[in-house]
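Data first, discussion second: the structure below is written as structure tokens.
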Amino acid sequence: MSNVDAVKGTSAYEVESMSRRDFLTTVVYGAVGAALSFVLFGLLRFPKPALFPDIPKIFKIGRVEDFPVGAEKIFEDKKVIVRRDAGGLFAISLICTHLGCIVSKHAGLFECPCHGSKFDENGKVKIGPAPKALEWLKVSQLPDGKLIVDTMRKVPIGTRYAI
């Protein structure tokens, strides 16, 4: 340390302290920057669909013998329920028409856990906010006798594959 530094009472390595105003300004800029980055991230993610496109569009469900009259089978990984009644075999999508949540079956009704929509046993809206009924899907049979559901082909409510 030189004599000049000793006289002033400072060292050559002493750092200036930050004022309270400068510190608060830095914190505010940091908070604003973080908020804007979260908003930007949300906006960039918004256009992506909530549903995953890797779900097979056409899948096998079994043979006619696997579905006696009154049978019902839920294919959870495909988000489809398949039923058979006296009129034939039919498939209903389990994807809510409101925002794409997966509905579950309780006491003969389909209920959306996200926003409270309820659908009857045929998928028609009983309580909103869903704008329309659950989609009915095309059921058909391959030449080898296996039944398939095509999730890309919608059919009118009540359409059954006659057996």
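The values are calculated or read from the model by the stated rules, or taken from the named source; none is laboratory data. Just so you know, these numbers come straight off a predicted model, no measurement behind them. Here the Cβ positions follow ideal geometry from the backbone for every residue, glycine too, while neighbour counts run over all protein chains shown.
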(request) Out of the residues in the range 125-140 that are over 20 Å from the mean Cα position of the chain (by Cα) and at pLDDT below 90, state the one that is farthest from ASP66 (Cα to Cα). (result) ILE127
(request) Could you grab me the full set of residues in the range 135-163 that are of a type in the set (D, E, K, R) and closer than 15 Å to THR97 by Cα? (result) GLU135, LYS154
(request) Can you tell me which residue among GLY62, GLY108, GLY70 is loosely packed, with under 12 Cβ neighbours inside 10 Å, in contact with a strand residue (DSSP E or B) (Cβ under 8 Å, 6 or more places away or on another chain) and modelled with pLDDT under 90? (result) GLY70
(request) For the range 21-33, indicate whether the set of residues that are of a type in the set (Lys, Arg), modelled with pLDDT of 90 or more and in a helix (DSSP H, G or I) is non-empty. (result) yes
(request) Just need a number here: residues in the range 84-100 that are more than 19 Å from CYS112 (Cβ to Cβ) and crowded, with 19+ Cβ neighbours inside 10 Å. (result) 3
(message) For the range 111-142, give me the residue count where each residue is loosely packed, with under 14 Cβ neighbours inside 10 Å and polar (S, T, N, Q).
(response) 1
(request) Quick one: which residue in LEU137, LEU89, LEU99 is of a type in the set (A, V, I, L, M, F, W, C), touching a residue at least 24 places away in the same chain (Cβ under 8 Å) and assigned to a loop (DSSP other than H, G, I, E, B)? (result) LEU99
